[in-house]
Each structure stands twice: as structure tokens, then as C-alpha cells.
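Just so you know, all these numbers are worked out from the coordinates, no wet-lab data involved. Owing to the predicted nature of the structure, the values given are computational and were not obtained by experimental measurement. Backbone-built Cβ (ideal geometry, glycine too); neighbour counts: all protein chains shown.
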Amino acid sequence: MKNIAILGSTGSVGKNTLSVIRRFPDRFRVIGLSANADIKTLDGQIKEFHPLFVCLKDKGAAFKLERNLSPKVRVFSDDEGLIELIKDKRIGQFMFAISGSAAFEPLLSAIDSGKDIALANKEALVMAGPLIMRISNRARVKIIPVDSEQSAIWQCLEGQDRGRLKTIYLTASGGPFYHESGRVLKSVSVPRVLKHPRWKMGKKISVDSATLMNKGLELLETMFLFDVSRNKVKVLIHPEALVHSMVEFVDGAVLAQISVTDMRIPIQYALSYPERLNNSLPGIDFYKLRALNFEKPDILRFPCLGLAYQAAEELGTLPVVMNAANEVAVEEFLKERLKFIEIAEIVAKVMRRHKNSLNPTLNDIRSANNWARQEAYSLTRRLN
Ligand code: MG
């Protein structure tokens, strides 16, 4: 029996994790849950899974929840409450499904606790990948990827000699607008962006998928998780989203991980690793599958991916700056204070103004993050 703490339980990955756990009550037990402010969803999850402790970031919501819960459930709130929850010795493994840079400090605490981490968040790795990997290796903490592409690469590399790796092909569905004209991209609305053709996801990642910044973040995530240089990772548009990524070895052999487009598959493997468990998800019908398509991404139409290429080449504090500026720009787009194409413009401007510092410390990363957020806000205000 594994005691799982799900951080970010009311989001898309959190809910899918609970749906996996629901099928294996004798394997996994939900010991802790955390959410931002969605008290209604969290309350339902508490009633079904009976965790020992929960955390709501919003203090008012935490107070309201506590009044209506049995005293057997301990309720934490705020950032400090989450850090306290993370320290609980009874946790066996984390599912890290907090979205955005908000996951950064909790992730450092989770590594400190010495427990293995199934990691769905990509922003924290983009911010400080080399440091996070170094700290987790030193603490003997396994970072198990949950993102479908990273899970695929990880599965393809299992048991292989990493020194014989030639290229990682990181696949991308292309998002909802890949084949739209530049004119259409200019007038893309928020509701259209939130409707992804292949994956049903949270708002931040849906916008990132539409701009292709999501793939840019994944490029950096791949480099850090698997300790490979920029020239070993190639992004590949693959609209069917069935090949979740591929690895090519020096002898020309290519291994791919292929499965239906369902987050519960990588989530289940991240929980059950190194075992594989039965489930009743429908497989791919290869008799009906007509074709698998691949093409080179167009970074002129999707400049966010080009900016990520630049951050991946220069490294240092540029990835954290890119991530912070993007996070702010996406928030402002969702509030309809920026146009879709202005997201890339804001990110590019903030990156251009940044003086990169190589081999940053944790504090360099924190201050680059704060600086880039401020810059992105003030640039957005100037546009309005
Ligand atoms: Mg992904």
C-alpha cells in the first residue's frame, strides 16, 4: 500500500490521479490533498477518499472547510501550511500537480522530505532544472515524470545505455490553431484557446498549448530531466497525439511510446512504477488507424517556441525569465488584457531586457523570477 499525497488535487491531473487511485483501492491510499481555493471539489474528494490532512491555499476557504469537517481531518492553509503538510512522515509518494511557478518552493520542500515525487508540473523544472536534479539526486529522491511526453521518453530510455542516445523526438499535437493562418491567429479568443482538440486540460496549459510555449517548456523539461543538451532534442508536430515521444539510438533504432491520448496512462505508471497494472482503458485500434503524421514546427508562426529554443541554448536565468513572463502574459490574456499574439511579444521583450546569469543559485532564480514578473506586468500596462 502506497500513501499518496496529491498536491493540486482539484485540477485536471489531480482529478485524473484520483480516478486512477479509485480503481486500485488495495494499492494506493490518499493520505493528503491540497488545492488552491476550489472548496467544493476538495470537499467531495475528502468525503470519498478520507485523507488525514488537507491544505487550501486560500485562508478563508480553509477556515470554512474546517468548520464543516470531522476533527479527524487536519486542515492547513496558505503556503506555510502546505510546507507543513509536505513534511508529514506518513507520506509515501507525492503527486505534484500544482500548476505554474507556484509549485517551485513546495517542490524544494518535497525533495527535502526525501520521498519520491511524481512530477506533473513543468514550470518548476524550467525555472531551476539543473539545481532541482542535483538536489534530488543528492537526496536520493526519484523524480518520476507524469507529463505524457516525458513519461514516454522515460519509458523508452528504461534499461538503455543513455550514452548511446542520439536524439529525443519530443512530439507536439500542435494545439488548436496549428493550421490556421496568421490572420486568424491575430483574432483568437479566450474560449477558442481553452478548447484543445486532443487533451482536456487546465487554463494555463491550454493557452501554452495554443502558443506552443507548452512544447518550449517541455523542451527545457526534457533537457533537465534526462540531462541532455539542446542539440539532442528535436520537436516534432504530430497531430494525432498517439506517439507520445520517441528516442533514437546511435545505431539508428528508434523506440516510441504509443498509447491512446489519456492522462490516466502516464499517471498510473508514475504511481505504480516499476510495476505495470491492469486497467480497462480502451487501447488503440491499429486496424482503424490510417496514418501517423509528423512535421517540423513553424517557429515563425509560433514565436513562443522559438523563444524557448533561445532559452534552451543560452540557459542560465533565461529559462526562469521566459517562464515568468509567459505566466504573467497568459494570465493577462485570460483576463482579456492582452491579445493572443501579444503573449509572445511580452515574453520576447522581457527576455531581451534580461541580463543573463549562468550557473544561477536558488536566490538568483528567485530574483530573476520576481524581476521578470514585474517587467511583464508593466509592459502589459503600457500596451493598454
Ligand atoms: Mg505534455
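What length, rounded to one decimal in nm, is gained on full extension from VAL73 through to VAL190, with 0.36 nm per residue of separation minus their alpha-carbon distance?
Values: separation 117, 0.36 × 117 = 42.12 nm, distance 3.83 nm.
Using 0.36 nm per residue and subtracting the Cα-Cα distance, I get 38.3 nm.
What is the sum of charges, Lys and Arg at +1 and Asp and Glu at -1, for the other residues whose Cβ falls under 15 Å from the Cβ of LEU219? Walk me through the numbers before you get to the answer.
Values: positive: LYS122, LYS215, ARG230, LYS232, LYS234, LYS296; negative: GLU123, ASP147, GLU149, ASP208, GLU218, GLU221, ASP227, GLU313, GLU314.
Neighbour charge sum, excluding LEU219 itself: -3.
Loop only per DSSP, at most 14 neighbouring Cβ atoms within 10 Å: give me the GluC sites (Glu not before Pro) in segment 237-301, ordered by residue number. Before the final figure, lay out each step's value.
Numbers: sites: GLU240, GLU248, GLU275, GLU295; in loops: GLU240, GLU275.
Within segment 237-301, the qualifying GluC sites (Glu not before Pro) (loop, at most 14 other Cβ atoms within 10 Å) are GLU275.
Net charge near LEU194: determine it from the other residues with C-beta under 15 Å of the C-beta of LEU194, scoring Lys and Arg +1 and Asp and Glu -1.
Values: positive: ARG192, LYS195, ARG198, LYS200, LYS203, LYS204, LYS335; negative: ASP208, GLU331, GLU336.
Value of the local net charge: +4.
Can you give the Kirkwood hydrodynamic radius of the chain from its Cα pairs, in Å with one decimal? Before the final figure, lay out each step's value.
Working: mean 1/r = 0.0467 Å⁻¹.
Its Kirkwood hydrodynamic radius stands at 21.4 Å.
Nearest 0.05, what FRET efficiency do ARG230 and ARG140 give at R0 = 22 Å with Cβ-Cβ as r?
Values: r = 28 Å, r/R0 = 1.27.
Result of the calculation: an efficiency of 0.20.
Within 10 Å of each candidate Cβ there may be at most 10 other Cβ atoms; applying that plus a DSSP loop requirement, which chymotrypsin sites (Phe, Trp or Tyr not before Pro) in segment 255-339 survive? Don't skip to the end; give the middle numbers.
Details: sites: TYR269, PHE286, TYR287, PHE294, TYR309, PHE333; in loops: PHE286, TYR287, PHE294.
Those that pass, being in a loop and sparsely packed, are PHE286, TYR287.
Given the convex hull over the Cα atoms of segment 1-77, what projected area results after averaging over all orientations, in nm²?
Computing the convex hull of the Cα atoms and averaging its projections yields 4.4 nm².
With a cut-off of 16 Å, note down the residues of segment 78-119 whose backbone N falls inside the zone around a label point 7 Å from the Cα of TYR377 toward its beta carbon.
Zone members listed by number: 101-102.
Compute the distribution of all C-alpha to C-alpha distances in segment 316-384, in bins of 5 Å from 0, and list the percent of pairs in each, rounded to whole numbers.
Percent of Cα pairs in each bin: 3, 21, 31, 21, 13, 7, 3, 0.
Can you compute the helix-only [θ] at 222 nm over the chain? Use -39500 (n - 2.57) per DSSP H run of at least 4 residues, normalise by all residues, nearest 500 deg cm²/dmol.
Numbers: 16 runs with 180 residues, N = 384.
Mean residue ellipticity, 222 nm, calculated: -14500 deg cm²/dmol.
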